[in-house]
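Structure, as structure tokens:
The values are calculated or read from the model by the stated rules, or taken from the named source; none is laboratory data. Owing to the predicted nature of the structure, the values given are computational and were not obtained by experimental measurement. Cβ atoms come from the backbone with ideal geometry, glycine included; neighbour counts cover every protein chain shown. Just the protein is used for accessible areas: all its heavy atoms, side chains included, with ligands, DNA and RNA removed. Shrake-Rupley method; radii C 1.70, N 1.55, O 1.52, S 1.80 Å.
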Amino acid sequence: MARKKIGLFMSEITQFFQASCGKAVIDLASLRDADVIIFASFGSYSSPYGRSLLSEIAKKNIIYLPDFSKLDAVIALPNSFDIQGMDKEFFDLVRANAACPVICLQSGPEDFYTISVENKETMYSMTRHFIDEHHFTDICYMSGPFDHKDSPARLEGFKSAMQESGLVIGENSIYEGNYWMNRGADAMDFFMKGRINYPQAIICANDYMAISITEELRSRGQRVPQDVCVCGFDGIREGEYARPSLTTVSFRPERFAEVAFEILDDIESGKTPAREHTVPSEFIFRASCGCGCQVLSGNIGETYRRLTYKENLLRESGRISSDYQSAPDLDSVLSVANYYFRTLGCSTGYFCYCDENDPKFFSVEQEFPFTDKMHLLQVMNADRRQRAEYANEFFDRRDILPERFFDTEDPCAYIVLPLFYKNKIYGYLVLKPETDEWPNESAYNYISTLSSAIENCYYQKQFGEFADIKKMSRTDELTGLYNRRGFEHELQKLLSRGTDGRIINLVSIDMDNLKMINDVHGHAEGDEAIRKLAEILSGCLEGDDFCARFGGDEFTAVLVSDEPGRADEFAARLRQLTAQASDEPGRPYELRASIGTSLLRGRDTNDIVSSMKEADDRMYQDKREHKQGGT
């Protein structure tokens, strides 16, 4: 019997609430022997300075991927859908296609099950705390977007408390924020219009905005809470360890998931659960309002570990962008994607590409963002950085992955992220996290750079002249061998295919006496000598071997074999053929090369550099012996 599948829909999956809810849903589904497929994307405020309408269309197209009729339950976090119109489109899709229970966390329409917190009453009580306990009369409020799901109720709670207390809400007392940390300066400029003294308190509709306000106040020389008190809402982890630690309203995100499964259990047992449910909230009074103490960061070692981890992620983000610039085709892109996959924080990933032969592939119609058939190109594993599993398997889009990947002994979770450039969908990446795993902060950069690289490769493939340019960029014009760029590309491609059990030797070759040939016989004859040596080198290659000219009289060969001794055979063959060429009629000089070989013992960059140096050292030793009259 097929295992039940629960569809979980959210944006901004790395945010605290989404990550906490997602992990809880996975754990609770596992107890009920159900898989969880998480259809995720990135919201509008991931890149507030690079807002793109076309990209936002592509981001929300993830909701068009699943076959809702194949889901046994739908759980959604519509508050995370901050792209304009995404929530309405999602609700319409579910109404038209889903026959299963639909549960919305935090907010949702009346015809679905909804689990929420008491936004109005809770914000009312928080505002009364500043009025009744602190005796403040000058209070400002930083709202979320006025049309956002939670915002109207929270704003109404603030207004009710102020009005009941007979306090005036000034013209510049309520600022419309965006639930993110980049509007603190704008908000303070707004609050301070027409006034000299700072407000006594600033209440924020979520913790991210409250953190931005405390930082902005500090930059203006104002102390929190001594000069201005600040509070937030939602109880995120960042607020707990902020400076000062943030007074807030907290609720366990996991409780939303627990109530969702209580609803599903009631439905399965034949009961009729209520449409609306609430979860309890708790006021957490900390240093930012003066009613609590500063929360210490806890274990210093753990704090250092987190900082080091984030620093490494940032460093890897810069490297991945650079490496994609050297990836001229999709195979190379896949190799880079696999190499950096371990930075995401999940064990396994599946690269699913749209079917280029499907007319929908370049459709601008929103109803067809994905092709009917998808192409599984690669399976990635965080523990196999140098080698991915190339799948090359077509499957029905409605299955998300080939069915064999769902045929597991225990329930699993699958996180589906769209691969897109502006409004063009190229496919999706499926992450398969193990217990307690979840995508980290590098996920957006990974998806964004991967998608841009795919877009670049697609258009290089589309335009014929790009093929010639690509070949020219990797080929030495004089000899037809690879150049340095081509060498790097071919070596990367070779290692990404997996070479376990095979022997790889690097050979450094340097033509002897090229300067003498140029000086005595002319540069045209020198070029002819280089071409002849390149021809001989090509004749010495077998199977997966390849050779490159690095410039001037320098060449490097890569030899791939199943048995030892290949490097010695290559060197002997090269010396034999150059000796024969030297005896050809009309050649007024001896054609000879110095040779050095080394075994490639590992597969990362340091191993390659070390092996090339070893081959160079042996080549120069061979050259010294030539000059001394040796063989």
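How much net charge surrounds GLU240 when only the other residues with a Cβ under 10 Å from the Cβ of GLU240 are counted, with Lys and Arg +1 and Asp and Glu -1?
Charge balance near GLU240 sits at 0.
Legend: calculated FRET efficiency, ASP399 to GLU455, from the Cβ-Cβ distance at R0 = 30 Å, rounded to 0.05, equals 0.70.
Take LYS4: with every protein chain present and a 1.4 Å probe, its accessible area is about 90 Å².
Ranked from largest to smallest solvent-accessible area, with a 1.4 Å probe on the protein heavy atoms, ARG319, ARG385 come out as ARG319, ARG385. Heavy-atom accessible surface of the chain, averaged per residue, reaches 46 Å², computed with a 1.4 Å probe.
If the chain linking LYS422 and GLN222 were pulled fully straight, counting 0.36 nm for each residue of separation and taking away their Cα-Cα distance, it would gain 67.8 nm. Residues within the reach of a label modelled at ILE267 (point 7 angstrom out along Cα to beta-carbon, backbone nitrogen below 17 Å), restricted to region 1-18, are 4-10. Computed from backbone phi, the HN-Hα couplings of region 57-62 come to 4, 5, 4, 7, 5, 4 Hz, rounded to whole numbers (Karplus: 6.51 cos²θ - 1.76 cosθ + 1.60, θ = phi - 60°; Gly and Pro given as x). Placing THR605, THR114, THR14 in order of accessible area, with the largest value first and a 1.4 Å probe, yields THR605, THR14, THR114. Residue separation of GLU121 and GLU254 scaled by 0.36 nm, minus their Cα-Cα distance, works out to 45.7 nm of gained length. Cβ-Cβ distance of GLU215 and GLU164, R₀ of 41 Å, FRET efficiency by 1/(1 + (r/R0)^6): the value works out to about 0.80. Applying both filters, DSSP loop and at most 16 other Cβ atoms within 10 Å, to the trypsin sites (Lys or Arg not before Pro) of region 108-166 eliminates every site.
Going by a ≥ b ≥ c, the root eigenvalues of the Cα gyration tensor, does the chain fall in the rounded group (a/c under 1.5), the prolate group (a/b larger than b/c) or the oblate group? Verdict is prolate for the chain.
What shape does region 1-160 take by its C-alpha gyration tensor, where a ≥ b ≥ c are the square roots of the eigenvalues and a/c under 1.5 counts as rounded, a/b above b/c as prolate, and the rest as oblate? Verdict is prolate for region 1-160. Each residue was assigned an accessible area with a 1.4 Å probe, and for ASP33 the value is about 80 Å².
Summarising the label geometry, the points placed 7 Å from Cα in the beta-carbon direction at GLU276 and GLN325 lie 5.6 nm from one another. Annotation: LEU481 carries an accessible surface of approximately 10 Å², with a 1.4 Å probe and no ligand, DNA or RNA atoms counted. Pop out the carbon and sulfur fraction of the accessible area of the chain as a percent, whole number, probe 1.4 Å. C and S atoms contribute 48 percent here. Remark: the Cα gyration tensor places region 387-443 in the oblate category, a/c being 1.5 or greater and a/b not exceeding b/c. Taking all protein chains together, ILE267, ILE509 sort by accessible area into ILE267, ILE509, largest first [probe 1.4 Å].
Extending 7 Å from the Cα toward the beta-carbon at both THR408 and ARG624 defines two label points whose distance is 5.8 nm. Annotation for GLN580 and ASP527: the two label points, set 7 Å from Cα along the Cα-Cβ direction, are 2.7 nm apart.
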